[in-house]
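Student: Pasting in a structure now, in structure tokens, and then I'll have a few things to ask.
The values are calculated or read from the model by the stated rules, or taken from the named source; none is laboratory data. Model, not experiment: these values are computed from the prediction. Cβ coordinates were reconstructed from backbone atoms using ideal geometry, including for glycine residues, and neighbour counts include every protein chain displayed.
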Amino acid sequence: MTDFLLELRSEEIPARMQAGARENLAKLFAAELAKAGLSAGEVVTYAGPRRLALIAKGLPSATEAVSEEVKGPRASAPPQALEGFLRKTGLTREQLTERDGVLFAITEKPGRATAEVLAEAIPAIVRAFPWPKSMRWGAESASTESMRWVRPLHAIVALFGGQVVPFEIAGITSGNVTRGHRFHAPAEIVLTGADTYVEQLRAAKVLVDQDERAAIIRERASALAAEAGLELVEDEGLVAENAGLTEWPVPLLGRFDEAYLDVPPEVIQLTARVNQKYFVCRSADGKLANAFVCTANIEASDGGAKIVEGNGKVLAARLSDARFFYETDLKTKLDDLRPKLEKIVFHEKLGTVADKVERVAKLAEWLASEGIVPSCDPALARRAAELAKADLVTGMVGEFPELQGLMGGYYAAAQGEDPAVAEAVRDHYKPVGQGDDVPAAPVTVAVALADKLDTLFGFFLMDLTPTGSKDPFALRRACIGLSDLINLNALRLPLSLVLRQVAFTYFLKAVRAGCQESGNFQKMFGDLSRIEEIKNHIKSPEGPLQWTVDFNARETWALHIMMRLNLNDDAAIEKILNFFADRLKVQQREAGVRHDLIDAVFALGGEDDLVRLFARVSALQAFVTTDDGINLLAGYKRAANILKKEGVEGDQGWTAPTYTPEPAEADLIAALDAAEPKAAEAVQAEDFEAAMAALASLRAPIDRFFDDVTVNDADPAKRAVRLALLARVRAAVHMVADFSRIEG
């Protein structure tokens with residue numbers, strides 16, 4: 001067995017592309033070898049700023065000879081069929097083999113030297129390589145057929161054992177020569193093979209293993225901070241990026257002027273990270289310190305003093321810009337920035353950001369007023385929503401969009417807003433992704449819910465829903481964010497009712513726009529013919545001309561108009577509820593809940609209180625793993641199968657038998673008489689564990705009933721009563737979940 005080394009050396013590969021390049025190189029290499037019937041014992045890939053490398057261990061010296069067999073027509077087939085098969089295989093009739101009256105073409109393919117296979121495979125891999133972005137270069141770049149690579153490709157090393165695998169790609173001939181560090185060891189290096197590759201490059205001040213570079217950066221940066229009495233702010237993304245930018249990483253600690261610490265710490269950290277790829281440090285009290293760690297790519301003779309000095313000057317300039325943005329933004333109140341939101345389009349079909357703010361403010365106030373978000377002041381919820389998007393037009397957020405919300409929180413606090421308002425402005429986008437913090441402050445929760453609900457409803461109203469893997473408006477993320485907000489805060493939020501209120505806020509805005517400008521109304525509802533009708537309703541006693549919302553009433557005049565004119569978009573609401581159900585099923589499966597149990601609860605329908613829904617799922621998951629649960633499920637399924645076979649659906653209107661029931665039959669009736677009210681009471685109290693316990697008492701009576709009683713009795717009266725009894729069992733179990741969806 002022999003090892004193979006491939007190195008593709010080019011100009012600087014962007015750090016963000018290196019991990020994907022390693023993965024793609026391994027996949028393409030394995031696929032090309034598989035075509036020839038080869039596979040390596042182990043494939044290792046490396047990526048750095050100037051090289052992409054692969055080592056395949058344990059390759060045979062040659063492929064094995066193989067025999068390929070292709071089935072043809074029967075020997076008695078018409079001549080035309082035989083002629084077609086001969087043309088396809090390139091053989092003569094005498095070269096075919098006949099077995100059991102069927103002709104076969106058998107071709108013996110001799111083995112090939114692995115070096116030959118590699119000489120064909122590598123050019124194919126290079127030409128087909130899927131870089132996210134690539135370029136052409138040199139004189140040949142005038143042709144669109146010229147080779148593309150992420151950056152100009154300079155050299156290719158291909159060694160099988162100690163021998164060069166000869167091939168040429170776009171004028172670049174494979175060889176055994178590479179170069180080390182651009183400054184420390186720029187001379188040519190003759191490589192001897194895969195087994196010495198890493199160490200030969202290390203001697204030339206190049207660490208080819210990206211994991212080794214990352215470990216050096218991580219450990220040395222932390223050590224430097226500790227030596228200065230500080231703590232490094234960990235950032236694995238920044239570790240990986242610096243590892244992708246350096247071949248010989250040398251972390252260095254520097255300082256910046258303490259005066260810049262007046263700028264919010266997130267701004268300093270983002271400035272250092274995004275613009276300069278620097279780490280930042282915390283002091284013992286947890287506050288940001290005036291220190292940074294940069295990663296040099298050389299070992300400087302002065303210990304890095306000049307490098308640190310230069311990087312400090314660049315960072316100071318960046319921080320100066322950040323402080324200018326911050327101080328300039330503080331001069332303008334968020335209220336005064338809100339009119340600028342009218343010039344920012346949220347979406348062409350959903351109006352401006354100012355329109356969204358108006359809708360979200362109404363909805364947040366309503367969520368607080370209705371007590372859906374407990375202990376939330378409606379006035380503060382409205383105020384926070386009105387200011388939540390104002391920082392989008394600030395200089396700081398224009399420079400760093402990642403700081404939206406966060407900067408608004410700082411500015412709201414600086415201008416004297418209630419702390420709950422400032423916190424809500426800061427955190428209303430949360431949770432942004434899986435693992436993100438979930439707000440718990442009532443005002444923040446109200447605004448966050450309103451913002452996500454508005455987004456979901458708006459895009460579903462306009463039929464801009466996710467398709468397949470595409471979700472350009474992050475609606476799946478918004479859905480999961482809503483779920484987390486509701487469940488972790490135990491909010492009793494009936495989605496159907498809330499979505500109707502969201503529909504109301506859209507309708508209210510659309511009516512106002514429609515009465516002012518028919519074109520806007522057409523964009524929202526597409527029915528110009530009804531504008532006059534809506535105007536008349538608004539002016540009628542049933543709909544007084546006002547634009548305030550009575551949040552204490554379930555139906556306002558505008559909601560009345562919506563229903564009277566059938567403008568309430570039930571289709572959008574139904575789509576959202578179905579979308580919610582699908583996403584929650586995925587979320588629960590990822591959390592380890594069995595998919596069939598999720599389906600069993602969702603199949604009941606009509607449940608849009610997520611807290612209650614997840615309580616059902618949790619109780620069901622615990623119950624079905626017990627002996628009572630397993631046996632009750634078996635009894636239920638037997639009853640359900642009989643009812644299905646007999647075409648019995650729904651409740652049969654139970655009446656006590658007029659005949660003397662058999663003992664097992666009487667026992668089941670008595671057990672149901674006792675269990676049904678207990679289970680119903682427990683479900684009403686949302687004590688689903690108690691409901692399960694009540695249903696578990698049916699386990700033994702059901703078993704005895706099936707053992708001792710003939711359901712399909714010859715007597716029609718007995719048969720009808722017993723089928724109704726089984727329907728009663730089914731209905732009792734369905735108070736908690738649809739057991740027909742449970743596997744087992």
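Student: Do you know which residues across the stretch 174-186 are touching a strand residue (DSSP E or B) at 6+ places or on another chain (Cβ under 7 Å), free of Cβ contacts under 8 Å to residues at least 60 places away in the same chain and either outside any loop (DSSP other than H, G, I, E, B) or of a type in the set (A, V, I, L, M) (or both)?
Tutor: Selection gives Gly175, Val177.
Student: Another question about this same structure. Taking the stretch 199-213, which residues are in a helix (DSSP H, G or I) and surrounded by 19 or more Cβ atoms within 10 Å (Cβ to Cβ)? Break it down into steps so the answer makes sense when it comes.
Tutor: First, pick out the residues of the stretch 199-213 that are in a helix (DSSP H, G or I): 199-203, 210-213.
Correct list: Leu201, Gln210, Arg213.
Student: Are any residues in the stretch 1-34 assigned to a helix (DSSP H, G or I) and either without any contact (Cβ under 8 Å) to a residue 24 or more places away in the chain or closer than 13 Å to Lys57 by Cβ (or both), and if so, which ones?
Tutor: The answer is Glu23, Ala26, Lys27, Phe29, Ala30, Ala31, Leu33, Ala34.
Student: Confirm whether Gln588 is within 24 Å of Ala693 (Cα to Cα), assigned to a helix (DSSP H, G or I), modelled with pLDDT under 80 and not acidic (Asp, Glu).
Tutor: Yes: the conditions hold for Gln588.
Student: Turning to a different aspect of this structure: Determine, yes or no, whether Thr625 is farther than 28 Å from Leu495 by Cβ, in contact (Cβ under 8 Å) with a residue 24 or more places away in the chain and polar (S, T, N, Q).
Tutor: Answer is no for this residue.
Student: Can you tell me how many residues within the stretch 41-85 are under 30 Å from His181 (Cα atoms) and part of a loop (DSSP other than H, G, I, E, B)?
Tutor: The qualifying residues number 3.
Student: Taking the conditions exactly as written (in contact with a Lys or Arg (Cβ under 7 Å, 6 or more places away or on another chain) and within 19 Å of Ala322 (Cα to Cα)), does Gly408 satisfy them or not?
Tutor: So Gly408 passes the test.
Student: Please count how many residues of the stretch 34-57 are crowded, with 20+ Cβ neighbours inside 10 Å, of a type in the set (A, V, I, L, M, F, W, C) and modelled with pLDDT of 90 or more.
Tutor: Adding up the residues that qualify gives 6.
Student: Restricting attention to the stretch 96-138, report how many residues are closer than 27 Å to Val165 by Cβ, among the charged types (D, E, K, R) and at pLDDT 85 or above.
Tutor: Final tally of qualifying residues: 4.
Student: Shifting gears a bit: Of all residues in the stretch 434-444, which are in a helix (DSSP H, G or I), touching a helix residue (DSSP H, G or I) at 6+ places or on another chain (Cβ under 6 Å) and either over 18 Å from Glu365 (Cβ atoms) or not polar (S, T, N, Q) (or both)?
Tutor: The one that is in a helix (DSSP H, G or I), touching a helix residue (DSSP H, G or I) at 6+ places or on another chain (Cβ under 6 Å) and either over 18 Å from Glu365 (Cβ atoms) or not polar (S, T, N, Q) (or both): Val443.
Student: Being surrounded by fewer than 18 Cβ atoms within 10 Å (Cβ to Cβ) and modelled with pLDDT of 90 or more is true for just one of Pro431, Pro419. Which residue is that?
Tutor: After ruling out the rest, the residue left standing is Pro419.
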